[in-house]
Amino acid sequence: MGAAQRPHHARHSLLAVLGPHRVLHGPRRLSHLRGAHRRRHRLQLSRDVRRRLHRVLAARARHRARPARAHHAHRTRRHRHPDLRARPASALTVSLLETTAITKTFGANRAVDAVDFTVRAGELLALIGSNGAGKTTLVNLISGLLRADEGTIRFSGKDITRQTVNQRIRAGIARSFQLVNLFDHLSAFDNVALTIFARQGKTRSLTTLAGRDQAVADESMSILKEFGLAPKAPTLAGGLSQGERKLLDVAIAYALRPTLLFLDEPTSGVSTREKAPIMDVVTSIVRSGNITAVVIEHDMDIVFRYSDRIVAMHQGAILADGTPDEIRRNEQVTTTLIGTGETA
């Protein structure tokens, strides 16, 4: 995909609103939120940052699309050790997301060409295809980073085609990115806590909340525990390993409490040894939390092992749609994508 086709890949949660380069005059960790370490210090945000936070995210408090799931319930479900294997397609029949003839053109290139794409509630869907197939553009259209030239997008039965990114986040759509975008000069704990503040619409009083909002501190630690990152809570994000950064990136998207979560190559840039453990954690949380997930992934071992359904794209169109077994036996997919190794 050419430079003209790439939207800005900053996160459209709190991190997208600010951008890592805008955040603090002199980064001061929020770890005083926890227990005896809680003091009278305040998060040092510039006036411009506070204004951006309030203007863009304050509507969150007024327009909550649905109540956030209680994190204690999530923690209880984790103890049940959910089955990580793909679920039968017959159990996944209700459509959560539907695009109809969705189209996006860049000059003479139809990056997405009248695509009908469906995501069923509760499934983990893998989206595969060679470079330039249209995968990322399709996800950008659904998440709101790009506007469609033609076609419609429906989510939970509502037309969201013209909604903004933040409206779609409020509706329950979240996303992590292939290129991890964190506040490297803040701790892992702070990265999650800031996103929770934003989700709850606590933006105008953000500078005074740091010393008193124990509920946010508790939820932040609960999320870090779910992702196996609790020991890294005080560690600056910039000091985490690549695998830990990937998990933290997903944890931040998860902190928005989405219904639909897009994961853009969650195992890219990590060692082969780390891939399965990362996906085990992510898949367990997705399945136990009743979250629908769409994973853009080039590693076919990961795709076949973890997905309920696979959609293959080629030259802006849907090439095939089926279960892992059906895609594995699909001669057209094998010849066009899998056989050539061009699924990135």
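The values are calculated or read from the model by the stated rules, or taken from the named source; none is laboratory data. These numbers come from a predicted model, not from an experiment. Note: ideal-geometry Cβ built from the backbone for every residue, glycine included; neighbour counts use all protein chains shown.
The table for this structure:
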item	result
Pair list, Cβ under 6 Å, 6 or more apart: region 121-139 residue closer than 23 Å to residue 291 by Cβ, other residue crowded, with 24+ Cβ neighbours inside 10 Å and of a type in the set (Asp, Glu)	126/297
Of residues in region 323-339 being more than 14 Å from residue 133 (Cα to Cα) and at pLDDT below 90, the one surrounded by the most Cβ atoms within 10 Å (Cβ to Cβ)	334
Residue 276 without any contact (Cβ under 8 Å) to a residue 60 or more places away in the chain, small (Gly, Ala, Ser), in a helix (DSSP H, G or I) and surrounded by fewer than 23 Cβ atoms within 10 Å (Cβ to Cβ)	yes
Scope region 245-258; condition under 21 Å from residue 289 (Cβ atoms), part of a helix (DSSP H, G or I) and out of contact with any Phe, Trp or Tyr (no Cβ under 9 Å at 6 or more places or on another chain); matching residues	246, 252
Region 149-181, subset among the small types (Gly, Ala, Ser) and surrounded by 20 or more Cβ atoms within 10 Å (Cβ to Cβ), residue modelled with the highest pLDDT	174
Condition broken by residue 225, with the remaining ones in (1) closer than 25 Å to residue 288 by Cα; (2) buried (at least 19 other Cβ atoms within 10 Å of the Cβ); (3) modelled with pLDDT of 90 or more; (4) not aliphatic (A, V, I, L, M) satisfied	(2)
Given (1) surrounded by fewer than 21 Cβ atoms within 10 Å (Cβ to Cβ); (2) modelled with pLDDT of 95 or more, index of the condition residue 108 fails	(2)
Every residue from region 111-133 that is crowded, with 23+ Cβ neighbours inside 10 Å and farther than 15 Å from residue 321 by Cα	111, 112
